Amino acid sequence: MSFDDLIDFRGQHSNKWDMMEASFGVSPKDGLAMWVADMDFRPPEAMIDRVRAVADKGLFTYFGDRREYDASITWWMKSRHGWDVRPEEILITHGIVNAVSMCLETYSKPGDGIVVFTPVYHAFARVIRSNDRQLVECPLAVRDGIYQMDFDAWDAQMTGNERIAILCSPHNPGGRVWSRAELRGMADFAKRHDLILISDEIHHDLVFPGQKHIAMPLVDPSIADRLLVLASTSKTFNVAGMHCGNVIIADEGLRKRLSVRLEQLAISPNSMSMHMTPALYSPEGAAWVDRLVPYLDTNHRTFLRGVNAIPGLKMQPMEGTYLAWVDFSGTGMTAEEINERVAKGAKIAASPGPGFGKGGESCLRFNIALPHARIEDAVGRLKGAFADLQ
């Protein structure tokens with residue numbers, strides 16, 4: 001396949017395409033869907049072939065014997081990230097947001113403070129509040145045009161009521177790939193305030209040339225007794241609809257507590273995802289990712305150059321992910337005016353920044369995992385929508 005293929009997702013029950021008119025007033029007939037974090041690409045053929053083979057045999061039974069599944073994860077983490085994961089460390093959930101929610105239930109109680117570093121993935125705040133926990137927003141600093149960790153400010157915010165911190169690594173929506181020094185600082189922060197650290201590493205395979213993702217367990221082994229790592233094939237290969245995620249926990253005591261919660265809720269794996277994962281975490285899947293990442297980086301550079309040429313708009317340069325973060329504060333417009341211009345003028349559905357917490361008030365998040373022609377189209381639409389500022 002070619003990432004340049006213009007696939008028509010409309011009318012296929014795609015949340016990203018079929019719900020954007022209801023959510024933003026942008027018609028899929030002539031609009032661009034750049035909000036939900038799905039890619040407009042087909043996944044690797046090896047996975048499609050595996051699903052087809054299962055369907056052809058009519059095998060839709062309860063799944064048993066997960067050795068192939070576990071082996072594919074351990075191989076991928078070792079070969080792609082230099083991280084040794086033991087099969088017994090892998091717990092399976094119905095996606096990463098589901099994993100976050102169950103971790104909150106397991107390791108905290110109602111009223112406890114849950115720390116997030118904003119602006120950050122909007123679903124964190126939603127599940128924190130829905131679990132009756134206290135949302136604690138620690139704003140990222142902007143230095144040299146990119147997000148930076150600000151431990152001095154965050155230390156001053158802590159009250160002692162905080163129990164868990166959730167790190168997005170790489171960062172959504174800023175596209176930062178945190179350095180080893182920054183991650184070590186995060187480990188120290190968690191130890192200093194006696195926090196369990198949830199490291200959401202769902203975008204860890206989507207890192208641009210010249211950058212390197214470092215898995216949190218490799219940064220500081222001394223935090224193993226307070227560390228949970230979240231990972232999934234979903235963002236890497238565009239299979240989020242299968243709702244399969246992993247919580248990888250080295251510490252036996254921590255792992256037992258979440259295992260008990262999974263048993264209480266009778267959580268069992270989606271059988272199709274158990275077939276799909278070994279086909280994705282494979283040499284064929286690796287080759288597909290190695291073609292995907294430079295393509296995303298080309299989209300990133302095109303979008304960055306085009307957006308930053310529009311007066312009043314400022315996009316942070318990305319180091320990974322496919323989620324671009326654009327600040328419209330230089331226009332002097334309100335959030336409502338910005339949304340009106342983007343949705344009605346440019347006919348683009350993008351994720352409103354306020355939902356990502358403090359620091360996102362004047363921003364929008366744009367999904368750039370689209371064929372390159374659509375990225376160029378998006379730049380042209382934004383230039384037209386803000387033409388009076390040029």
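The values are calculated or read from the model by the stated rules, or taken from the named source; none is laboratory data. Keep in mind the model is a prediction, meaning the values are calculated, not measured. Note that we place each Cβ from the backbone using ideal geometry, even for glycine, and neighbour counts take in every protein chain shown. Note: areas computed on protein heavy atoms with side chains; ligands, DNA, RNA excluded. Shrake-Rupley method; radii C 1.70, N 1.55, O 1.52, S 1.80 Å.
With Val142, Val177, Val136 as the choices, which residue is assigned to a strand (DSSP E or B), more than 22 Å from Ser101 (Cβ to Cβ) and not polar (S, T, N, Q)? Step through it out loud before you land on a result.
Working: Val177 fails: assigned to a strand (DSSP E or B); Val136 fails: more than 22 Å from Ser101 (Cβ to Cβ).
Going through Val142, Val177, Val136 in turn, just one is assigned to a strand (DSSP E or B), more than 22 Å from Ser101 (Cβ to Cβ) and not polar (S, T, N, Q): Val142.
Go over the candidates Gly357, Gly345 one by one and state the one that is touching an Asp or Glu at 6+ places or on another chain (Cβ under 6 Å) and open to solvent by less than 60 Å² (accessible area, probe 1.4 Å).
Values: Gly345 fails: touching an Asp or Glu at 6+ places or on another chain (Cβ under 6 Å).
Selected residue: Gly357, the only one of Gly357, Gly345 that is touching an Asp or Glu at 6+ places or on another chain (Cβ under 6 Å) and open to solvent by less than 60 Å² (accessible area, probe 1.4 Å).
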(request) Give me the pairs, please: first residue somewhere in the range 90-105 and without any contact (Cβ under 8 Å) to a residue 40 or more places away in the chain, second residue anywhere and not in a helix (DSSP H, G or I), beta-carbon distance under 7 Å, and either six or more positions apart or on two chains. (result) Ser101/Asn131
(request) Keeping to the range 150-174, report how many residues are in a loop (DSSP other than H, G, I, E, B) and at pLDDT 95 or above. (result) 10
(request) Collect the residues in the range 320-331 that are within 22 Å of the chain's Cα centre (by Cα) and open to solvent by 30 Å² or more (accessible area, probe 1.4 Å), keeping them in residue-number order. (result) Asp327
(request) Would you kindly identify the helices (runs of 4 or more DSSP H) lying entirely within the range 201-300 that contain at least 2 residues that are open to solvent by 20 Å² or more (accessible area, probe 1.4 Å) and over 25 Å from Leu167 (Cβ atoms)? (result) 252-264, 271-280
(request) Could you tell me which numbered condition Glu182 fails, if it satisfies all but one of (1) under 25 Å from Ile368 (Cβ atoms); (2) open to solvent by less than 10 Å² (accessible area, probe 1.4 Å); (3) in a helix (DSSP H, G or I)? (result) (2)
(request) Identify the residue in the range 373-390 that is over 13 Å from Leu32 (Cβ atoms) and open to solvent by 10 Å² or more (accessible area, probe 1.4 Å) and, among all such residues, is modelled with the lowest pLDDT. (result) Gln390
(request) State whether the residues of the range 13-26 include one that is touching a residue at least 40 places away in the same chain (Cβ under 8 Å) and either over 27 Å from Phe124 (Cα atoms) or among the aromatic types (Phe, Trp, Tyr) (or both). (result) yes
(message) Can you confirm whether Ile310 is open to solvent by less than 10 Å² (accessible area, probe 1.4 Å), β-branched (Val, Ile, Thr), outside any strand (DSSP E or B) and in contact (Cβ under 8 Å) with a residue 60 or more places away in the chain?
(response) yes
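For the range 254-276, what are the residues that are under 21 Å from Ala224 (Cα atoms) and in contact with a Leu (Cβ under 9 Å, 6 or more places away or on another chain)?
Leu254, Arg255, Leu258, Ser259, Leu262
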